[in-house]
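Engineer: Provided herewith is a single structure, encoded as structure tokens, for subsequent inquiry.
The values are calculated or read from the model by the stated rules, or taken from the named source; none is laboratory data. Every value quoted in this text rests on a predicted model; they were computed, and no experiment measured them. Quick reminder, even Gly has a Cβ in these numbers, built from the backbone with ideal geometry, and neighbours come from all protein chains shown.
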Amino acid sequence: MSLDVRLNHVIDAFALDTAFKVEAPGITALFGPSGSGKSSTINAIAGLLRPRVGRIVINEEVVLDTSAGIFVPARRRRLGYVFQDARLFPHLSVRSNLEFGARRSPDPPSASEIAEMIGLLGIGPLLARKPATLSGGERQRIALGRAMLAKPRLLLLDEPLAALDAARKAEILPYFERLRDEARVPMVYVSHSVDEVARLADHIIVLNEGRIAAQGSVFDVLARLDVAPLTGRFEAGAVIDARIAAQHPAERLTEVSFDEGRLWIPGIDGAIGARVRVRIRARDVMLALSEPQGISANNVVRGVVAGVHEDEGTYQDVLLACGRARLIASITRRSLDRLEIRPGQELFAVIKSVTVDRTAASQAAG
């Protein structure tokens, strides 16, 4: 999938000025705080917003070029769109909602393809029901199925979990992973949740005040010190690409390995060697000058200081390079000065197993 976007648009006092290219499969996240321009960008891609100046190319087809007077209507762009609210037809059954999506496809899915999508999303028992009888998570799964059965070349998702509580989010996230890994339809996923992005996305574009602050691999970008402030003081952290090294069912723990070490995390399903991604929040990392002994924490990782982000607040961010993996530690200015932390210094990161969220440790594609 290739997507080339250049937008310049003004909405009231807000100015959107972005330019980016995506030339890879998987999920690309548009991430940023509220009001950063995420929804405006995805609506322009969908054809729901006509920018003052812009050019959008999807798989080499120009769908918008204001200088050439080109604007392909939304209905002809062959895109799927899932909103915050599922927007199902309330008078139709689940089956009829899905059939509506299938009829919109230029190449209608076969009965076996429809059955496969129903199985993938686990919605077989819901087919005869009406939307009003479904939970929020169930409605979003139906909306996903309806969009996918239209066979879009690109699936757009505008904060699809924002209206759900924590329990419903936990229910639906595995289905997004299955779509990513099995259906292999490229997606642009709008979110201001670091947890969702860390768990689902392959690539990330960070927006702030209508402009791009960073873009690239989710593993690289979330570990950048200049991006950490945009994720929020209590959500900043890094994502580690690892593999399952051992299962310890008696202790309900899983051992995962990466370049420079191993981590013990709450038990997850998976075969030995399977790839996993683990997010570790900066607030859950302590630093030590020497390898600590006689402590309860299971995880101690050796690293080299790759950078320090200092500001006028109480907490300062320290970036550790652990081979190709990165960790961020948020420590007080007093600790920074007392330990005399500087780039190039070898330190030990102390991480409690319980701080690696089960919901943030998910099996990755490949």
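Engineer: Against the conditions (1) touching a Leu at 6+ places or on another chain (Cβ under 6 Å); (2) surrounded by fewer than 17 Cβ atoms within 10 Å (Cβ to Cβ); (3) without any contact (Cβ under 8 Å) to a residue 60 or more places away in the chain, where does Asn299 fall short? Just the number, please.
Structural biologist: Result: Asn299 fails condition (2) only.
Engineer: Given Gly273, Gly232, which one is in contact (Cβ under 8 Å) with a residue 24 or more places away in the chain and under 27 Å from Phe31 (Cβ atoms)?
Structural biologist: Exactly one residue qualifies, and that residue is Gly232.
Engineer: Same structure again: Count, please, the residues in the stretch 292-318 that happen to be of a type outside the set (D, E, K, R), in contact with a helix residue (DSSP H, G or I) (Cβ under 9 Å, 6 or more places away or on another chain) and under 20 Å from Val218 (Cβ atoms).
Structural biologist: 1
Matching residues to (1) outside the structural domain of Leu347 (by TED's automatic domain parsing); (2) among the aliphatic types (A, V, I, L, M); (3) within 24 Å of Ala214 (Cβ to Cβ):
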position: Ala228; (1), (2), (3): yes, yes, yes
position: Leu253; (1), (2), (3): no, yes, no
position: Phe258; (1), (2), (3): no, no, yes
position: Arg262; (1), (2), (3): no, no, no
position: Ile268; (1), (2), (3): no, yes, no
position: Ala271; (1), (2), (3): no, yes, no
position: Val278; (1), (2), (3): no, yes, yes
position: Ser290; (1), (2), (3): no, no, no
position: Asp311; (1), (2), (3): no, no, yes
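Engineer: Give all pairs with beta carbons closer than 8 Å in which a residue from the stretch 213-226 that is modelled with pLDDT of 90 or more meets a residue that is assigned to a helix (DSSP H, G or I) and not aliphatic (A, V, I, L, M); count only pairs at least 6 apart in sequence or on separate chains.
Structural biologist: That search, which allows pairs on different chains as well, returns Leu222/Thr231.
Engineer: Tally the residues that are more than 15 Å from Arg326 (Cα to Cα) and either in a helix (DSSP H, G or I) or touching a helix residue (DSSP H, G or I) at 6+ places or on another chain (Cβ under 9 Å) (or both), restricting the search to the stretch 203-226.
Structural biologist: Residues flagged as more than 15 Å from Arg326 (Cα to Cα) and either in a helix (DSSP H, G or I) or touching a helix residue (DSSP H, G or I) at 6+ places or on another chain (Cβ under 9 Å) (or both) within the stretch 203-226 amount to 10.
Engineer: Counting only residues that are of a type in the set (A, V, I, L, M, F, W, C) and surrounded by fewer than 18 Cβ atoms within 10 Å (Cβ to Cβ), which one in the stretch 113-142 is farthest from Asp85 (Cα to Cα)?
Structural biologist: Narrowing the stretch 113-142 to residues of a type in the set (A, V, I, L, M, F, W, C): 114-115, 117-118, 120-121, 123, 126-128, 132, 134, 142.
This time we only want the ones that are surrounded by fewer than 18 Cβ atoms within 10 Å (Cβ to Cβ), so: 115, 120, 127-128, 132.
Values: Ala115: 24, Leu120: 21, Leu127: 19, Ala128: 21, Ala132: 13 Å.
Checked the stretch 113-142; the qualifying residue farthest from Asp85 (Cα to Cα) is Ala115.
Engineer: Identify all residues within the stretch 265-275 that are assigned to a strand (DSSP E or B) and surrounded by fewer than 21 Cβ atoms within 10 Å (Cβ to Cβ); write none if there are none.
Structural biologist: Pro266, Arg275, listed by residue number.
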